[in-house]
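Peer 1: Please see the structure below; I have some questions.
The values are calculated or read from the model by the stated rules, or taken from the named source; none is laboratory data. Note that this is a predicted model, so its numbers are computed, not measured. Cβ placement follows ideal geometry from the backbone for every residue including glycine, while neighbour counts extend to all protein chains displayed.
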């Protein structure tokens, strides 16, 4: 995919406006300040110039769960930001996540980025790039639309506490690993999930061909081959929008290649050798139910250690 | 697969498994792969070289792969051949369609995309057979997506984004010249370290 100059120009203007907030002298970095730093990061990575960013003395940088020097990896591969993406700050944890599309030498990827900001300086950078060509689902970005609800507030009556929101997402992971039909979370009837732009709950995805819908898939045991979901973290939780950003590693031990759903229908394991997936997912929760999930998934060597959590 | 044995007990197992599906890479039909019988040959004494020299020759191979620009830091026999994941990459298709033979390919700079050959280890050396087994990573930073061979032809990188390959690679070395190379490799996330190696990356040059 080639960069769209008009889209890039629009992005630059809006990002430049946001980035002006970095230098505002508030005592702590609030959400506006977090967004400004993330915005400046995106502008500067596209320029391949890290010299003006507010780095802390010690910075940890990972890309697809591998530590490396700033300037290497995505920074060095002719990077560009495609469209505006979504900024998700959480000043209470010092984290801001950006979820959007990027390109390397013109080839698009789904990109989840987490920055940790301490004393208005960047201390951590954690990126996941869902690129085309890996043995993982990928939908062409031209048809990708992020659901608008991720940027919208939840009416006061439908909000949950931080703890409740995390519990619902953790319950999602508990339900998915060794998926046996027991549901430990709640979904809306129209719940939809996307990974690397592809709908998992409808359309041509193998799981959707078997069963459609979040709850129906989980109750059918579609995800039985997921052995573990570990290294779960929740760096951004927003009770007002009902959005939780979750990071995790999903292990597929591939001990078998065929299995049956709870109704007895056969399914085939998609990758017949042990593998893991590094994931950054956004969960939208309304009235105590997960309504939308959208995220980046990266194919990783099986059981690779998380660099961020054991 | 590498197994380390101490006091008759297994202390380490390291495997590199080339599997499908994966990103574009050689994958030979397992039922048709044959290993060159010369790997088992005991060399005549005059063709033996000391362990240090055998490692130097293999290390020179990696130095040649790294930033491959036509400069060759090791020696090859004229009939040198390389098998990668069960496919000959020095004859018949793939890289061999651009140039055939170990040295000719390196002189042409086919493998320019290798920014680093990292965390090199040489855990097995057999002087009598002239074999060095090496492990390491080839880092494809993909800071560029096209490059020129030394004869001026333009090449395009297959993948556009940073990636690495993790490999076990064996060298058969006769009289100080590499005659056979055989490797198993698989893609891993860019710059992933080995749990067995100590990082030797020079961060000044990255």
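Peer 1: Say we look at segment A:269-296 and pick out the residues that are touching a residue at least 40 places away in the same chain (Cβ under 8 Å) and within 13 Å of chain B (Cβ to nearest Cβ); which of these is surrounded by the most Cβ atoms within 10 Å (Cβ to Cβ)?
Peer 2: Filtering segment A:269-296 for residues that are touching a residue at least 40 places away in the same chain (Cβ under 8 Å) and within 13 Å of chain B (Cβ to nearest Cβ), the one surrounded by the most Cβ atoms within 10 Å (Cβ to Cβ) comes out as A:278.
Peer 1: Consider residue B:183 carefully, then state whether it is more than 14 Å from chain A (Cβ to nearest Cβ) and either without any contact (Cβ under 8 Å) to a residue 40 or more places away in the chain or assigned to a strand (DSSP E or B) (or both).
Peer 2: yes
Peer 1: I'd like to check something: does segment A:27-34 contain any residue that is loosely packed, with under 15 Cβ neighbours inside 10 Å, farther than 27 Å from residue A:246 by Cβ, more than 14 Å from every other protein chain (Cβ to nearest Cβ) and at pLDDT 95 or above?
Peer 2: Scanning segment A:27-34, I find no residue that is loosely packed, with under 15 Cβ neighbours inside 10 Å, farther than 27 Å from residue A:246 by Cβ, more than 14 Å from every other protein chain (Cβ to nearest Cβ) and at pLDDT 95 or above, so the answer is no.
Peer 1: Same structure, new question: Would you confirm whether any residue within segment B:166-174 is farther than 26 Å from residue B:75 by Cβ and either assigned to a loop (DSSP other than H, G, I, E, B) or at pLDDT 95 or above (or both)?
Peer 2: yes
Peer 1: Looking at A:162, A:114, can you tell me which residue is more than 14 Å from chain B (Cβ to nearest Cβ) and crowded, with 17+ Cβ neighbours inside 10 Å?
Peer 2: Matching residue, one of A:162, A:114: A:114.
Peer 1: From the list B:75, B:69, exactly one residue is at pLDDT 95 or above and touching a helix residue (DSSP H, G or I) at 6+ places or on another chain (Cβ under 8 Å). Which is it?
Peer 2: B:75
Peer 1: For residue B:13, which of the numbered conditions (1) touching a strand residue (DSSP E or B) at 6+ places or on another chain (Cβ under 6 Å); (2) in a loop (DSSP other than H, G, I, E, B) fails to hold?
Peer 2: All conditions are met except number (2).
Peer 1: Just one of the numbered conditions (1) touching a residue at least 24 places away in the same chain (Cβ under 8 Å); (2) away from chain B (no Cβ under 14 Å) is not true of residue A:145; which one?
Peer 2: Of (1) touching a residue at least 24 places away in the same chain (Cβ under 8 Å); (2) away from chain B (no Cβ under 14 Å), only one is false for residue A:145: (1).
Peer 1: Right, next: Filtering segment A:47-87 down to residues that are under 20 Å from the mean Cα position of the chain (by Cα) and assigned to a helix (DSSP H, G or I), which residue is farthest from residue A:276 (Cα to Cα)?
Peer 2: A:75
Peer 1: Here's something else I'd like to know. Which members of segment A:78-110 meet the condition of being away from every other protein chain (no Cβ under 14 Å) and within 17 Å of residue B:142 (Cα to Cα)?
Peer 2: If the condition is that a residue be away from every other protein chain (no Cβ under 14 Å) and within 17 Å of residue B:142 (Cα to Cα), then no residue fits.
Peer 1: Further, regarding this structure: Among all residue pairs at least 6 apart or on different chains, which show Cβ distances below 6 Å where the first residue, located in segment B:17-29, is at the interface with chain A (Cβ under 7 Å from one of its Cβ atoms) and the second is outside any loop (DSSP other than H, G, I, E, B) and modelled with pLDDT of 90 or more?
Peer 2: Qualifying pairs under 6 Å: B:22/B:187; B:23/B:187.
Peer 1: For segment B:34-56, how many residues are loosely packed, with under 12 Cβ neighbours inside 10 Å and assigned to a loop (DSSP other than H, G, I, E, B)?
Peer 2: Qualifying residue count, segment B:34-56: 4.
Peer 1: So if I check each of A:137, A:97, A:154, which one is outside any strand (DSSP E or B) and under 17 Å from the mean Cα position of the chain (by Cα)?
Peer 2: Answer to the selection: A:137.
Peer 1: Let me ask something else. Under 9 Å between Cβ atoms, at least 6 apart or on separate chains: pull out the pairs that start in segment B:139-157 with a residue that is touching a residue at least 40 places away in the same chain (Cβ under 8 Å) and more than 10 Å from every other protein chain (Cβ to nearest Cβ) and end on any residue that is part of a strand (DSSP E or B) and surrounded by fewer than 16 Cβ atoms within 10 Å (Cβ to Cβ).
Peer 2: Once the first residue is touching a residue at least 40 places away in the same chain (Cβ under 8 Å) and more than 10 Å from every other protein chain (Cβ to nearest Cβ) and sits in segment B:139-157, its partners that are part of a strand (DSSP E or B) and surrounded by fewer than 16 Cβ atoms within 10 Å (Cβ to Cβ) give B:155/B:146; B:155/B:148.
Peer 1: Additional query: List the strands (runs of 3 or more DSSP E) inside segment B:101-165, counting only whole elements, that have at least 2 residues being under 13 Å from the mean Cα position of the chain (by Cα) and either at pLDDT 95 or above or farther than 21 Å from residue B:177 by Cα (or both).
Peer 2: It comes to B:116-126, B:131-140.
Peer 1: Separate question: Name the residue that is farthest from the other protein chains (Cβ to nearest Cβ), counting only residues in segment A:35-53 that are over 19 Å from residue A:103 (Cα atoms) and surrounded by fewer than 16 Cβ atoms within 10 Å (Cβ to Cβ).
Peer 2: Of everything passing the filter in segment A:35-53, A:52 is farthest from the other protein chains (Cβ to nearest Cβ).
Peer 1: Next up: Could you look through segment B:169-178, keep only residues that are touching a strand residue (DSSP E or B) at 6+ places or on another chain (Cβ under 6 Å) and surrounded by 22 or more Cβ atoms within 10 Å (Cβ to Cβ), and pick out the one that is nearest to the other protein chains (Cβ to nearest Cβ)?
Peer 2: B:169
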